[in-house]
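Peer 1: Take this structure, written in structure tokens, and hold onto it; I'll ask about it next.
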Amino acid sequence: MKKLSLLSLFAVSFMLSFSAYGQMPAGNVMSSTNCSLADGVGMRELVQWFRDNPPNSDSTNLVFVRQPIIMGANFTDNYDFRLVTYYGSYGEYVSQRQARRSRFGEARVRPSPLPQNMFSCDFANQNISLVRQVPDGDAFTGDYTLMSQRLCFLNEGVTVADAYNFVVGVAAGFRRGGDNSLMQVSTRAFGPIQNVTAGGAVLVTSVPATADAMAARLDLTREGLDVVQGLDNVMACAHPSLWQTNAVYRPN
């Protein structure tokens, strides 16, 4: 199926942006928007709607619908899911937006049901982040998986590159226990910052290949694996949130 092809763009476009191991890559561009389900619409129905109504055929983006499992009330009291799109660069982000605008007014088959009958999104709070992936992690290529995220505040004098290299070390610690899950370090580029000083915080994301792999990863630390052994801590992190991330579009 085109939308869920076996080759994940995590293993292609993200990997292509890497420099040498241990050096922080430039990062891919991620657009994230918080959204709400329309009355009477369930999450499973919504995910299938996105898969049945993909972007234009020449789109090169990855698109995910992320449903909170354990998340703060600031999100769950106001939204039902997060719509996330990945781009290889700002150039790709701009060109894709221009392509969508150029098609306004063209005759086309409209999806049924219409988007406004399925969901609404809070575009006033849309944000753009740069996502830097730790190399050599196992790609998520299935329909869905579980993922965790931690907001981390950098210690005084610490750079984003320092934080990235710390997460590279954490990933190596998990590999010692047999887990090779994908890990990412994200920084906000555009959009609401709230109380986070620009450049002073990062979002650390772990995306195991399957939900079972997430459970196994969590059990490693529960059973005593020290993934930060030998590392100098460079940041203070909040407790993680837990999400189900659903792949709704992957280009060939």
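Nothing in this text is a laboratory measurement; each read-out follows from the coordinates by a stated rule. No experiment lies behind these values; they were computed from the predicted model shown. Here the Cβ positions follow ideal geometry from the backbone for every residue, glycine too, while neighbour counts run over all protein chains shown.
Peer 1: Give the shape of segment 40-94 as rounded, prolate or oblate, defined through the alpha-carbon gyration tensor: a ≥ b ≥ c are the square roots of its eigenvalues, a/c under 1.5 means rounded, and otherwise the shape is prolate if a/b is larger than b/c and oblate if not. Could the numbers behind the result be given before it?
Peer 2: Values: a/c = 3.36, a/b = 1.51, b/c = 2.23.
Here segment 40-94 falls in the oblate category.
Peer 1: When E45, E223, E92, E156 are ordered from fewest to most other Cβ atoms inside 10 Å of their Cβ, what list results? Kindly include the intermediate steps, with their values, before the conclusion.
Peer 2: Values: E45 13, E223 8, E92 17, E156 5.
By the 10 Å Cβ count, ascending, the order reads E156, E223, E45, E92.
Peer 1: To the nearest 0.05, how large is the calculated FRET efficiency for S36 and F190 if R₀ is 25 Å and r is the Cβ-Cβ distance? Before the final figure, lay out each step's value.
Peer 2: Values: r = 22 Å, r/R0 = 0.88.
According to the calculation, E is roughly 0.70.
Peer 1: Take every Cα pair under 8 Å in segment 124-252 that's 6+ residues apart, average their separations, divide by the length, and report that relative contact order as a whole percent. Mind dumping the intermediate values first?
Peer 2: Values: 232 pairs, mean separation 55.7, N = 129.
It comes to 43 percent, rounded to a whole number.
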